[in-house]
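Just so it is clear, none of the values below were taken in a lab; they were calculated from the coordinates. Fair warning: this is a prediction, and the values are worked out from it, not measured in the lab. Here the Cβ is made from the backbone with ideal geometry for all residues, glycine too, and neighbour counts use every protein chain on show.
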Amino acid sequence: EMNRWLEAARQTMDQVVGHFTWPPVNTYETPEEVIVTAEAPGMDVSEFELSVQNQTLLIRAARKPFAQPEGARCLRNERAEGKFDRAVVLPATLDTAGISARYDRGLRVGRIPKVAAARPRKIGVEEG
């Protein structure tokens with residue numbers, strides 16, 4: 001419960017002062033699964049580590065510093081670099097053993113299926 005409260009507080013702060021965490025993470029829910037995306041252009045798939053613990057998806061990586069041109073003086077540097085950790089609290093209705101992930105064009109996507117009991121299902125109605 002505390003994790004959910006902290007996540008809600010972080011989301012509120014993001015809306016008030018702008019995003020201050022990197023990489024940006026979006027979470028979506030469909031009837032069958034939850035999809036988590038992390039935007040990390042310029043990184044190699046081998047630089048990521050994903051794990052799940054206690055219904056929390058952990059995203060870890062280290063972004064290498066950008067090579068400054070020789071003899072150049074930096075006027076502005078807005079590119080995030082260095083180690084980062086992101087934690088995404090997941091609903092309890094997910095089958096975390098079935099998680100899958102891929103990396104395509106700078107976007108890391110994790111897919112976590114819902115447990116069968118949490119998926120919508122049709123119930124047949126018999127006559128009589």
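Karplus-based coupling profile of segment 41-49, in residue order and whole Hz: x, x, 9, 8, 4, 6, 7, 9, 9, with θ = phi - 60° in 6.51 cos²θ - 1.76 cosθ + 1.60 and x standing for Gly or Pro. Ranking Ala61, Ala8, Gly98 by Cα position along the charge dipole of the chain, where only Lys, Arg, Asp and Glu carry charges on their C-beta atoms, puts Ala61 farthest toward the positive end. Inter-label distance, Tyr103 to Ile123: 4.5 nm, where each label sits 7 Å from its Cα along the C-beta direction. Only lysines eight or more places from Lys64 in sequence, or on another chain, were considered; those with a Cα closer than 17 Å are Lys83.
Here the chain is assigned +1 on the Cβ of each Lys and Arg and -1 on the Cβ of each Asp and Glu. Its dipole about the Cα centre then comes out at about 360 debye. Rounded to the nearest 0.05, the FRET efficiency derived from the C-beta distance between Val115 and Phe84 at R0 = 22 Å is 0.15.
Please compute the contact order of segment 23-117 in relative form: average sequence separation of alpha-carbon pairs under 8 Å and at least six residues apart, divided by the residue count, as a percent.
Numbers: 149 pairs, mean separation 31.6, N = 95.
Over segment 23-117, the number comes to 33 percent.
Of the labelled figures (i) 85, 31, 24; (ii) 80, 28, 25; (iii) 42, 31, 25, only one reflects Cα extents along the principal axes in Å as derived from the coordinates, namely (i). The calculated FRET efficiency for Ala9 paired with Ala72, based on their beta-carbon distance and R0 = 41 Å, is about 0.55.
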